[in-house]
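The values are calculated or read from the model by the stated rules, or taken from the named source; none is laboratory data. All values reported here derive from a predicted model rather than from experimental measurement. Because the Cβ atoms are built from the backbone with ideal geometry, glycine has one as well, and the counts that use them run over all protein chains shown. Protein only, heavy atoms only, side chains kept; ligands, DNA and RNA dropped before computing areas. Shrake-Rupley method; radii C 1.70, N 1.55, O 1.52, S 1.80 Å.
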Number of protein chains: 2
Amino acid sequence: MSLVTPPGYYSLNEESVRAFLDGLPEIQARLGGKPADWTVVEVGDGNLNLVFLVDGPDGSVCVKQALPYVRAAGESWPLPLDRAFFEQAYYRAVAPVVGALVPAFYHYEPALYAIVMEKLAPHIILRRGLIEARRYPNVARDVGEFTAQATFATSDLGATIEEKAEWASTFAKNTSLLRITAEVVFTDPLGTSPRNRWTSPHLDDLAREFRADSALKTIVADWGWRFLTDGQALIHGDLHTGSVMVTETDTRVMDPEFAILGPIGFDVGAFIANLVMNFIAQPGHAKAGDERREAADWVLDQVPVYWNTFSSRFRALWETKASGDAYPPAMFGPADAAALDAARTRFLDRIFADAVAYAGVKTIRRILGFAHNADFERIADPATRAPLEAKAARLARQFLLEPGSFRTAEDIVAAARAV
Amino acid sequence: MSLVTPPGYYSLNEESVRAFLDGLPEIQARLGGKPADWTVVEVGDGNLNLVFLVDGPDGSVCVKQALPYVRAAGESWPLPLDRAFFEQAYYRAVAPVVGALVPAFYHYEPALYAIVMEKLAPHIILRRGLIEARRYPNVARDVGEFTAQATFATSDLGATIEEKAEWASTFAKNTSLLRITAEVVFTDPLGTSPRNRWTSPHLDDLAREFRADSALKTIVADWGWRFLTDGQALIHGDLHTGSVMVTETDTRVMDPEFAILGPIGFDVGAFIANLVMNFIAQPGHAKAGDERREAADWVLDQVPVYWNTFSSRFRALWETKASGDAYPPAMFGPADAAALDAARTRFLDRIFADAVAYAGVKTIRRILGFAHNADFERIADPATRAPLEAKAARLARQFLLEPGSFRTAEDIVAAARAV
Ligand SMILES: Nc1ncnc2c1ncn2[C@@H]1O[C@H](COP(=O)(O)OP(=O)(O)OP(=O)(O)O)[C@@H](O)[C@H]1O
Ligand SMILES: Nc1ncnc2c1ncn2[C@@H]1O[C@H](COP(=O)(O)OP(=O)(O)OP(=O)(O)O)[C@@H](O)[C@H]1O
């Protein structure tokens, strides 16, 4: 792969982004004034892309552009630009059902691989807020609602075979980001990739022990197979707390460039894992006079709030909006109500089991793999950080090796407290 | 949907097929002589397409062309022509690994939705041979080998993410035939479709009982969901004994127009179900002095031969040719050999469980749904046929409701004898 970019592509900067937006009448009208009146600031703190926030006299927008390499790794790790295409395709696919739980989508510029969307302000990244011990009373319910709506509508319960086939055919091509997930989430962390890192020497023994655990490795590989094959719905693909922006009252899910047809539990498990990791990390952020006990408890309590919202909303959608080809209404009559109800429970129990396992996989990769979480990384002292990371890793191993112990979201809460 | 066909399409007849082939130098050379020297006969006994066998002085070919409607139902059930595209795409995808277990593929004519391939002679349809109590010593092994090779190579064990994505993106568009399977295999038989039929009045009670069995219906729906979502490999999609042509020594799998990314167990279960149905039907074909006991035993014994071949070959391929992104070799070292072996056993056990369930679904649809099997249909006397069909249906219900009783292929054999 090379860094040669397609004709018409250039990477935007704080000047050229003005000219680009000036060429889009609708955006220009939204911002008001002249390009020279606009303030532009590049804020991309992420791993992969450029992000510009643009303010005009009348309004604001956010421009996100794909770069031809992994920003966090530098030009040595090239990456196709088309992920911007999949990001906007995901927004378009779920827009009819998720409402204002995502940023409003304004424009996609194919040649530049650039998305123009609502600028979220004064939102901050949820993970940052949680690290600062802030509370967001709606966030778990909102993300639960988002997950239920987005996955139901794009599954064989909410979409026809023909509708789902469009997404299947489109998102099958999101191979570069699928490969990244397969490698950095499933393959690398328990293997020997040079991209791996961990708090060393403190966790050297733990890393060695995990990598020598053949049973754990094959279980992770079982779930890797499931991840690659189980096309239940269009999933976000990277639904951690860094992909959610919040205020006290508003929640937006963003950054869906990893979207694929995949297992619903992968999204659910990602969000749960990141709440649990934040909970485990809280003591590392404690200061004299602020033990962070209550903040930690609050975060952990969001796990059942999230799961219960997701599962009850998903079930309600199934009961009222079934319009796909799975469990077709034509097969069932009033006499089948109880059996169908039991089938819905089985179905949601399986998603829960999947979510627990994927939460395990997603946690291990944040401790032993390439991309770590600010929840732990912001704990400067490795002697404080390492034992907390070890707790998270041990809990993750329980998720994977003792699935029978996790039947409800409360079981996750209890195990996270006990670890 | 209408019967208006795309420009350039016309349905071939015994005359126009000559002109068509005359325009293909390679085929012309293969046949030898002039079009007037060729004999052409239309033999399509199938449900969906025209099939011409063409013999020239030097050689022969078979031409299969899609019609814009379901042949068996008439013009009232229109069907897109593109299924011919998917049929040839499947042959091309598996050609590198299945060798002469499929007819040699010569040419695809996009405008006519016509495939030109090897004419199989003196092959007959396996189902017909089995109904005539003939034995084919290689067939179960050959179809087992075929299933293992074709599914392994197109799964995440044998193909990279990028290779599989090509198939996923292409075959996702095979929606018309996917819809047929979803409806006639999963939705209709236990529902109230006017397309359903059964041996009446003999099986009226059984049909009523099955359709009132809420638990059975939701289990079938569970497997319908799995069928629609579980993109494990490129599967044939209709691997019954009518999709296999045989001589005493040669086996060819054909008619893969239902190909999709789907669960491997769907192919495996289809073949098993059709062997079992033939076994159960054998007494219906008995004549004075020919009880058909040995013929029946022989057919049933092919179930373990098929499964054991499939599973041992699949495992051997995994051990020697793993080149996909699932269970990536980079994750495992010599110390993991035993655990990986256990993972392979788990994996194949899951495919077996899937196959048993899909065998159940596929059997029920042949007794209560739209398309029946010659194995039963050729039993002219309904009073003889009905009790045998009832046996098959009851066994199918066991497959679906008592999965724990079916751990090995021998369990299937025992249950089929006991029913
Ligand atoms: N619509 C928006 N409004 C305001 N700020 C935004 C918006 N989109 C992104 N940002 C800011 O830009 C940052 C990076 O955005 P995003 O996470 O989408 O990019 P990324 O390069 O894909 O990062 P990641 O490494 O998380 O994948 C966010 O953390 C946020 O601070
Ligand atoms: N390559 C071939 N060589 C010889 N005969 C063939 C060949 N292909 C098909 N036939 C004959 O044509 C018949 C119909 O073929 P095929 O099953 O492919 O068509 P179809 O319309 O898809 O039928 P089905 O209802 O089984 O789906 C076969 O049963 C067989 O007798």
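What are the extents of the Cα atoms of the range A:80-128 along their three principal axes, in Å, largest first?
Dimensions of the range A:80-128 along the principal axes of its Cα atoms: 30, 25, 18 Å.
What nm distances, shortest first, do you get from the label point of B:ALA73 to those in the other copies when the point sits 7 angstrom along Cα to Cβ?
Its label point is 5.0 nm from the equivalent points in the other copies.
Let me confirm one metric for peptide A:361-371, namely the mean number of other chain beta-carbon atoms within 10 Å of its residues' beta-carbons.
0
Taking every Cα atom in the protein assembly as shown, find the radius of gyration and the maximum pairwise distance Dmax, and write them in Å.
When restricted to the Cα atoms of the protein assembly as shown, Rg and Dmax are 29.2, 100 Å.
Hand me the tally of lysine pairs in the range B:124-418: alpha carbons under 22 angstrom apart, and the pair either on different chains or 8 or more positions apart.
Lysine pairs, 8 or more places apart or on different chains, close enough: 6.
Provide the per residue accessible area, probe 1.4 Å, for the range B:124-418, rounded to a whole number of square angstrom.
Value for the range B:124-418: 33 Å² per residue.
Using all alpha carbons of the range A:31-81, what is the percent of pairwise distances in each 10 Å bin, ordered from the shortest bin to the longest?
Spelled out bin by bin, the range A:31-81 gives 27, 37, 23, 12, 0 percent.
Taking the Cα centre of the range A:272-419 as origin and charging only Cβ (+1 Lys, Arg; -1 Asp, Glu), how large is the dipole, in debye to the nearest 20?
300
In whole Å, what are the extents of the range B:271-323 along the principal axes defined by its C-alpha atoms, from largest to smallest?
Cα extents, longest axis first: 55, 16, 9 Å.
Any idea what the alpha-carbon Rg over 2.2 N^0.38 Å comes to for the range A:16-117?
Ratio of Cα Rg to 2.2 N^0.38 Å: 1.11.
How big is D for the range A:157-197, in µm² s⁻¹ as a whole number, if Stokes-Einstein is applied with the Kirkwood radius of its Cα pairs at 20 °C and 1.002 mPa s?
175
Give me the residues in the range B:172-189 whose solvent-accessible area, probe 1.4 Å, is reduced by at least 20 Å² once all protein chains are included instead of the chain isolated.
With the partner chains in place, the range B:172-189 has these residues losing at least 20 Å²: B:ALA172, B:LYS173, B:THR175, B:ARG179, B:THR187.
With Cβ to Cβ distances under 14 Å as the rule, what net charge do the other residues near A:GLY191 carry (K, R +1; D, E -1)?
Net local charge, A:GLY191 excluded: +1.
Can you list the copy-to-copy distances for A:GLY99, using a point 7 angstrom from Cα toward Cβ, in nanometres, shortest first?
6.2
Distances in nm, one decimal, shortest first, from B:GLU402 to the same residue in every other copy, taking the label point 7 angstrom along Cα→Cβ.
3.6
With N residues in the range B:85-226, what two-decimal value do you get for its Cα radius of gyration over 2.2 N^0.38 Å?
1.35
What number comes out for accessible area per residue over the range A:16-117 if the probe is 1.4 Å? Units Å², please.
On a per-residue basis, the range A:16-117 sits at 39 Å².
Using DSSP loop states and a limit of at most 14 other Cβ atoms within 10 Å to flag GluC sites (Glu not before Pro), what is the longest stretch of chain A containing no flagged site?
Answer from the scan: A:292-419.
Would you mind putting B:331-339, B:149-157, B:76-84 in packing order, based on average other-beta-carbon counts within 10 Å, highest first?
Result, highest mean Cβ count within 10 Å first: B:149-157, B:76-84, B:331-339.
Report relative contact order for chain A in percent, whole number only (criteria: Cα-Cα under 8 Å, sequence separation at least 6).
It rounds to 18 percent for chain A.
Å³ per residue of the Cα convex hull, for chain B?
152
When the Kirkwood radius is taken over all Cα pairs of the range B:329-369, what Stokes-Einstein diffusion coefficient follows at 37 °C and 0.692 mPa s, in µm²/s?
264
So how do B:227-234, A:270-277 stack up, highest first, on mean other-Cβ count within 10 Å?
Most protected by this proxy first, the peptides run A:270-277, B:227-234.
For the range A:269-419, give the percent of accessible area contributed by carbon and sulfur heavy atoms, probe 1.4 Å, rounded to a whole number.
54
Roughly what would the spin-label model give for A:THR160 and A:ASP22, points 7 Å off Cα along C-beta, in nm?
Calculated label separation equals 4.7 nm.
Kindly compute the accessible surface that chains A and B hide from a 1.4 Å probe when together, both sides summed, and give it to the nearest 100 Å².
The A and B chains share an interface burying roughly 4100 Å².
Please give the average number of partner chain Cβ atoms lying within 10 Å of the Cβ of each residue in B:220-232, rounded to a whole number.
Mean partner-chain Cβ count within 10 Å for B:220-232: 6.
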